[in-house]
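Undergrad: Sending over a structure as structure tokens; questions will come in a sec.
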Amino acid sequence: MPRYEQSASQKILPGTPRSVMMQHILQTVERIAVSDLGVLISGEPSAGKEWLARMIHRCSGRSAGPFVRVDCASLPRRDLETKIFGSEVLTLSGIKVRTGALEEAKGGTIFFDQIAKLPAGTVAKIARMLEYQDFRRVGGYDENTPNVRVIASLHKNYGESSNARNFRTDLYYRITPVLLNLPPLRERPGDIPFFIEKFILEFPGSSQQWVKAITSAALYTCLAYDWPGNIRELKDAIRYATIMCAERYIQPGHLPAYLLRRDRKRGEALNTRGVLHGERLEKLMIEHALKTSTTTSEVASLLGMSLETLSSKLLEYELSPDPGNPLLGNMRGPQ
């Protein structure tokens, strides 16, 4: 089970994404988590909208309650409202009640993924529920009081998406006192090492060798790619690499071939757009190696540098080995 780091009024998981953009978003999450404000998260497909919704839930006072995701794009229209609001059917033996997602999420959070895919009539019912804080099951007559926090997602930025024309503005204002625009992965390359570490733990590799980390050369290849498929594409690439890797560390050759073909071209673009290169890129790689290694030799090996050079770089960037790792404790850090 993950351990939580307690702050004055909320719980934040350690090891969150490191980019400036995501740190700003997570600071907003910290502030809104203590309330029941509705949140609309917009961004490209697979940019991490559900992950962010779960983070909001985890940091809130409803974290002990359920988190119920409603996939608005895949629900069949004929029973869509039943899935959300529940239903009541009169039978010979009495009234048969079927609970919907709103009741399943009681005391917790309901997440409407791709809410703009819902029909206008269903959107209107959700808008009414949010305004008057009651709803009826399909076929029922009694009013039920929802006890949920509502989070929703939209593909792309609200107002820029073609879905925005179909999205009820009254629902938008009732559900979203807070609007979070989640940038695509290509605009926050500093988050790539975080997700790679996470996925390596999920996909440890073949039975012959337990994959431990990614080398700096392979990490650079990942940083140089623009990831049009966002986090899902990165996850699939790391899954492939752990399967192809027969050693402890992922090398560039273990990554999908299309990443290697585009590495040089995207590397030039990475420098041109000035997002992450030079000293910033080197510092990020050293931080990644310190976090994923257990000895000084492993850190130097991952980075392809000598121990003397590594010690010099630690002083230059004012970095220190993990104080909780006794095997790294004898490495010199900043004085």
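Please treat every number below as a calculation from the coordinates, not as lab data. Remember, predicted model here, so these are calculated numbers, not experimental data. Because the Cβ atoms are built from the backbone with ideal geometry, glycine has one as well, and the counts that use them run over all protein chains shown.
Undergrad: Apply the Karplus curve 6.51 cos²θ - 1.76 cosθ + 1.60, θ = phi - 60°, to the phi angles in region 44-61 and return the couplings in whole Hz, x for Gly and Pro.
TA: Couplings: 5, x, 6, 7, x, 5, 5, 4, 5, 4, 5, 5, 4, 4, 5, 8, 8, x Hz.
Undergrad: If I model a spin label as a point 7 Å beyond the Cα along the Cα-Cβ vector, how far apart are those points for Leu92 and Gln27 in nm?
TA: 6.7
Undergrad: Would you please put 148-155, 28-35 in order of how densely packed they are, using the mean number of other Cβ atoms within 10 angstrom per residue and starting with the highest?
TA: Highest-to-lowest ranking by the protection proxy: 148-155, 28-35.
Undergrad: Could I ask something else about it? How long is the gain from Leu315 to Thr99 if the chain were fully straight, where each residue apart is worth 0.36 nm and the alpha carbon distance is subtracted?
TA: 71.8 nm
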